[in-house]
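For reference, the structure discussed in these notes is given below.
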Amino acid sequence: MGRILIYVVLITAAGSVAVWVAEQPGEVRLTWQGYLLESSVSMLFVLVIVCAVLLAIAYEVLNFIFYSPRLIHTIRRNRSRERGYRSLTRGMVAVAAGDVKAAKRAVRATEALHVEPPLRLLLTAQAAQLEGDEIAARESFQAMLADPESEFLGLRGLLVQSLRKGDKVTALALARRAFEINPRAEWVLTNLIDLETIAGNWPDAEQSVIAAQRAKRIKPENARRRRALLLYQRAQAAFDQTDEKTARDLAMRAINLRADFMPAVVFAAKLLAKVGHLKRARKLIMHAWQTAPHPDLADTLVQISEPLTPLARIKVLEPLMSLRPGDLEGHLVLASALLDASLWGAAREHLGQASRGMSDQRLYRLMARLEEGENNDEGAARQWLLKASRAPSEPIWKCRVCGEIANNWGIQCSSCEAVDSLEWGTANSGDSVDRRQELAFVKWTKSTLENVIPNRPTPRMNLSQKSE
Ligand SMILES: [Zn+2]
């Protein structure tokens, strides 16, 4: 309503001005190059307005002629970009589906179209990797390093390539560079922790663990586990440099983070015993035994308590049994010590108890010793040893990544080089066929060993009859 009113007022004003101008007396006379132009003022007024309108039209036409190539170019580029992204999407899908031909076709299409270089390079690299052309892939990843937007992605590609080649030194340098760009990315932190650990840079590795913990990229229990491992490695390094006090302190810090970390417990207990802290050393072993009984813990307990008579050794080991009543490891350790002391009856009792659970070769070897020691029955002993050879193997260090068996604990698997992957357990665990055989064997053992449990009138077995 208001606008209409303004127009009405404006038109009325313009009309009034035009009438006023037309009514004005006077004339315009223009002399130029010998020509004379005479006109009324109102005519001149109309002429000026017509000229202004014509100029405006001419400006618009020229403007269109001047800018149209650019406009056409923009339209073309937008279309090209649109097609480029469609090709890119098709290429990514082809890579995900493992279709090399389609991926390469998409790469060629994106090269001619408008696609942001980082994305085009990424597709080129992935298609090359799919085809197995690692050199072309590396070139694309390296080209990505030049652009800050794609540098991080390029570093990841190169890092994966280095790890695949087993070039840990280059991989570490790439991981450190990636850490500077994004210190919170999970792949950066996990790789950095492992690579610093493998390189033996224990303090740097620990800093990476702390960074990962702060960024919530590692579970708290995994962080504790890895820090314990690194502290233990530092403790050993200090020990190698004959700095036993530092070694002891570091080992204790490792145990504070992970009380059942057997290698650290054994190491710390021996160092503590060396300076006379026998009680503390024993406490560490007992504590670790409670959650993870390992024969090396029992061995260390005996070692730090030496010199011992066979009877005294039994006294040292007995508390282990009360910590985990009915546990196989405890029974085996005590049975062995009792056999050393020629306490046949008690040894037989522990072996009988051990046979009630899941037992292994060690039980049968101890049975052989019992038969030989108590009854001097070499035939029976041989039978037990034969059974031992068929029994499930005793627990061993096994890589949870590749399944490689190791005699001793180590920071890295000798086969797949995974860090902290060795776990104590039976070699056959996880194999269902072996497991079934194992269970069948245990069933047989239980029925056979019923004879060795005390308070039975037949302390001596006739194995050749019972076993077959
Ligand atoms: Zn392995």
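Just so you know, all these numbers are worked out from the coordinates, no wet-lab data involved. None of these values were measured; they are calculated from a predicted model. Counting neighbours? That spans all protein chains shown, and the Cβs are built from the backbone with ideal geometry, glycine included.
Things to note:
- Per-residue Cβ neighbour rank within 10 angstrom, fewest leading, H294, H277: H277, H294
- With Cα atoms, 0 to 90° folded angle of helix 244-257 axis to the chain main axis: 70
- Residue order, fewest to most surrounding Cβ atoms within 10 angstrom, among L5, L163: L5, L163
- The range 206-249 - convex hull of alpha carbons, volume per residue in Å³: 58
- Dipole magnitude of the range 220-336, debye to nearest 20 (Cβ charges: Lys/Arg +1, Asp/Glu -1, about Cα centre): 440
- Binning all Cα-Cα separations of the chain at 20 Å, short to long from zero, yields these whole-percent fractions: 16, 29, 21, 14, 8, 7, 4, 1.
- Reach of K101 by Cα under 15 Å, taken over aspartates and glutamates that are not fewer than 8 positions away in the same chain: E131, D133
- Distances between placed amide hydrogens fall under 5 Å for Q412 paired with D420, all partners being 5 or more residues away or on another chain.
- In this simple spin-label model, placing a label point 7 Å from the Cα along the Cα-to-Cβ direction at both L71 and K315 gives a separation of 10.6 nm.
- Evaluated at q = 0.11, 0.14, 0.16, 0.21 Å⁻¹: base-10 log I(q)/I(0), Debye formula over Cα of the range 1-151: -0.65, -0.85, -0.97, -1.20
- Rounded to the nearest 10 degrees, the angle from helix 378-390 to the longest Cα principal axis of the chain is 10 degrees.
- Q207 paired with A97, simple spin-label distance in nm, labels 7 Å along Cα-to-beta-carbon: 4.8
- Cβ-Cβ FRET estimate between N78 and V302, R0 fixed at 51 Å, reported to 0.05: 0.05
- By the beta carbon rule, with partners counted only under 4.7 Å, the chain holds these lone Cys residues: C51.
- Dimensions (Å) - the range 280-432, Cα atoms, principal axes, largest first: 48, 41, 25
- All-pairs Cα distance distribution in the range 326-378, expressed in whole percent, bin size 5 Å: 4, 25, 36, 23, 10, 2
- Cβ-based exposure ranking for M358, M92, in which fewest neighbours within 10 Å come first: M358, M92
- Globularity index of the range 358-422 is 1.54 (Cα radius of gyration / 2.2 N^0.38 Å, N = number of residues).
- Acute angle (nearest 10 degrees) that the helix 41-97 long axis makes with the longest principal axis of the chain, alpha-carbon atoms: 20
- Calculated mean residue ellipticity at 222 nm for the chain: -24000 deg cm²/dmol, from DSSP H runs with n ≥ 4 weighted as -39500 (n - 2.57), summed, divided by the residue count and rounded to 500.
- For the range 79-128, the Stokes-Einstein estimate of translational diffusion at 20 °C and a viscosity of 1.002 mPa s comes to 213 µm²/s, using the Kirkwood hydrodynamic radius over alpha-carbon pairs.
- Contact order normalised by residue count of the chain, Cα under 8 Å, 6+ apart, percent: 5
- Of K279/K315; K245/K274; K219/K283, pairs whose Cα-Cα distance is over 19 Å: K219/K283
- Summed side-chain charge close to Q161 - residues other than Q161 whose Cβ falls under 13 Å, Lys, Arg +1, Asp, Glu -1: +1
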